[in-house]
Amino acid sequence: MLHVNENYAKIKPTYLFAEIAHRVSAHLEANPGAKVIRLGIGDVTEPLCPAVIEAMHKAVDDEAGRSNFHGYGPEQGYAFLREKIAKFDFQDRGIDIAADEILVSDGAKCDCGNIQELFGPDVKIAVGDPVYPVYVDTNVMAGRGDITLLSCTAENGFVPSPSDLPDEGQPDVVYLCYPNNPTGAVATKPQLQAWVDWANSRKALILFDAAYEAFIRTPGIPHSIYECDGARTCAIEFRSYSKTAGFTGVRCGYTVVPKGLCAYTADGTPVELRPMWTRRQTTKFNGASYITQRGAEAIYSPEGQAQTKATIDFYLGNAKLMREALQGLGYTVTGGADSPYLWVDVKGDSWAFFDRLLKEANIVTTPGAGFGRAGEGFIRISAFNSRENVIEAIERLKGVL
Ligand code: MLT
């Protein structure tokens with residue numbers, strides 16, 4: 001008899017954004033022609049920038065001729081992209097990360113979900129609450145159900161601290177995401193340094209999701225965990241081009257696993273994680289496509305840098321407009337400054353508030369409860385949309401709220 005992985009029964013039957021998509025489809029069926037404005041899932045709306053488009057067209061042409069054709073590429077990513085990443089995202093910012101510590105992938109979601117395969121089944125996990133559901137669900141699927149939730153509230157500025165951990169049964173792995181999804185909060189360098197010091201003192205690991213780092217505009221806010229002293233010996237970092245350069249549909253990101261970063265066998269023998277992650281990726285993944293990686297490389301050209309920054313500034317402009325409007329309506333709003341997400345305190349049932357905005361204003365948001373217990377009472381609003389739709393959404397919110 002075929003035995004099922006019963007851990008799947010311990011997670012919600014549908015992924016959060018799939019559940020929202022179902023509700024929106026039902027609403028559209030009941031209200032054909034309703035002009036729904038989608039401020040739910042963080043999916044970009046602006047096209048790829050010209051530098052990326054040009055590079056991808058050229059890459060298509062490469063594939064059209066025998067001499068420049070590319071079949072399987074290196075599973076870790078092409079050197080032309082890894083070298084640019086190392087230089088522009090790290091070394092030029094004074095951070096010690098080399099090209100061979102970077103593994104290119106088809107996005108941060110997959111890497112965040114897959115990385116837990118490197119750890120023993122009994123490792124203890126801690127996550128913020130509210131949290132990007134992928135960190136929790138992938139561990140529960142793998143049988144790690146006993147997850148420590150670190151409350152992220154207005155009181156701690158939505159940034160937990162190692163002092164929030166229980167004295168007994170401290171975690172081996174902590175997921176941190178800053179700028180945060182879903183709250184839009186940012187972590188200061190001392191706050192991240194405290195986690196790095198804690199992890200090094202316990203031979204624990206930080207999984208740092210920096211998917212939204214390109215939205216940071218406030219000087220001094222870390223873009224990378226490796227800005228903290230000692231992070232190379234206790235942290236893996238995930239980056240994504242989805243929000244940075246509009247690659248949600250193109251799919252590309254990367255993970256940094258520094259040389260010398262280790263997990264331990266039962267008898268305490270250190271085992272390097274970089275070769276393990278390389279082994280995992282070369283076994284289960286064939287790499288992001290050549291065309292995609294040429295597109296990603298173009299982000300690092302002077303034109304690509306200017307164009308992607310302009311698009312992010314545009315989304316941040318949307319966020320500012322919505323933040324000010326909601327504050328004007330009397331709501332307390334976090335985020336929307338160094339982040340595309342606004343975390344709005346609605347002081348009530350978040351799914352009910354979601355349903356109300358959908359029914360009365362044709363606006364899709366994300367209910368905070370979908371991100372965990374501590375998300376109840378909030379909704380998340382995404383700034384990824386056209387200016388026209390954002391202005392229209394503000395007018396509708398004013399009408400309804
Ligand atoms: C979100 O809306 O939280 C993100 O778009 C989801 C993702 O990046 O997978």
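General observations
- Across all Cα pairs in the chain, the calculated P(r) in 10 Å bins from zero up to the longest distance comes to 5, 22, 31, 26, 13, 2, 0 percent per bin.
- Note on Glu46 and Asp96: with the Förster distance fixed at 41 Å, the Cβ-Cβ geometry gives a FRET efficiency of about 0.75.
- Residues in the chain average 43 Å² of solvent-accessible surface per residue, probe 1.4 Å, ligands and nucleic acids excluded.
- Cross-link reach list, lysines versus Lys35, counting only Cα pairs under 26 Å and skipping chain neighbours closer than eight places: Lys243, Lys320, Lys359, Lys398
- Packing, as the average of other Cβ atoms within 10 Å across residues, places the peptides 365-375, 236-246 in the order 236-246, 365-375, highest first.
- For a label point 7 Å along the Cα-to-beta-carbon line of Arg279, residues of segment 106-127 with backbone N under 11 Å: 118
- Asp146-Cys262 FRET efficiency (beta carbon distance; Förster radius 30 Å; 0.05 resolution): 0.80
- Length gained when the stretch Leu28-His3 is fully extended (0.36 nm per residue, less Cα-Cα span): 5.1 nm
- Rounded to the nearest whole Hz, the Karplus-based 3J(HN,Hα) values (6.51 cos²θ - 1.76 cosθ + 1.60, θ = phi - 60°) of segment 180-187 follow the sequence 7, 9, x, 7, x, 6, 10, 10, with x at glycine and proline.
- Segment 298-401 shape via C-alpha gyration tensor axes, a/c threshold 1.5: prolate
- Gln327-Asp229 FRET efficiency (beta carbon distance; Förster radius 51 Å; 0.05 resolution): 0.85
- Apportionment of accessible area to carbon and sulfur, the chain, percent (1.4 Å): 53
- Net lengthening on full extension, Ser386/Val36 (0.36 nm per residue, minus Cα-Cα): 124.7 nm
- For Lys12, the lysines whose Cα comes closer than 20 Å to its Cα, not counting residues fewer than 8 places off in the same chain, are Lys109.
- Most to least packed among 54-67, 343-356, 288-301 [average Cβ atoms within 10 Å]: 288-301, 343-356, 54-67
- In nm, spacing of pseudo-spin labels at Asp62 and Gln170 (7 Å Cα→C-beta vector): 4.6
- Distance from segment 75-103 to segment 314-373 (C-alpha centre basis), Å: 36
- Inter-site label distance for Lys398 and Asn286 at 7 Å from Cα along Cβ, in nm: 5.4
- Largest mean-square fluctuation among Asp164, Asp267, Asp111, in a Gaussian network model of the chain whose springs join Cα atoms under 10 Å apart, belongs to Asp267.
- A straight Cα-to-Cα reach below 18 Å connects Lys203 with the lysines Lys124, Lys259, residues fewer than 8 places away in its own chain not being considered.
- Here the Karplus curve 6.51 cos²θ - 1.76 cosθ + 1.60, taken at θ = phi - 60°, turns the phi angles of segment 306-322 into couplings of 5, 5, 5, 5, 4, 5, 5, 4, 4, 5, 5, x, 4, 4, 4, 4, 6 Hz, with x standing for Gly and Pro.
The values are calculated or read from the model by the stated rules, or taken from the named source; none is laboratory data. Bear in mind that the values here come from a model prediction, so they are computed numbers and not experimental data. Backbone-built Cβ (ideal geometry, glycine too); neighbour counts: all protein chains shown. With ligands, DNA and RNA removed, areas are computed over all heavy atoms of the protein, side chains included. Shrake-Rupley method; radii C 1.70, N 1.55, O 1.52, S 1.80 Å.
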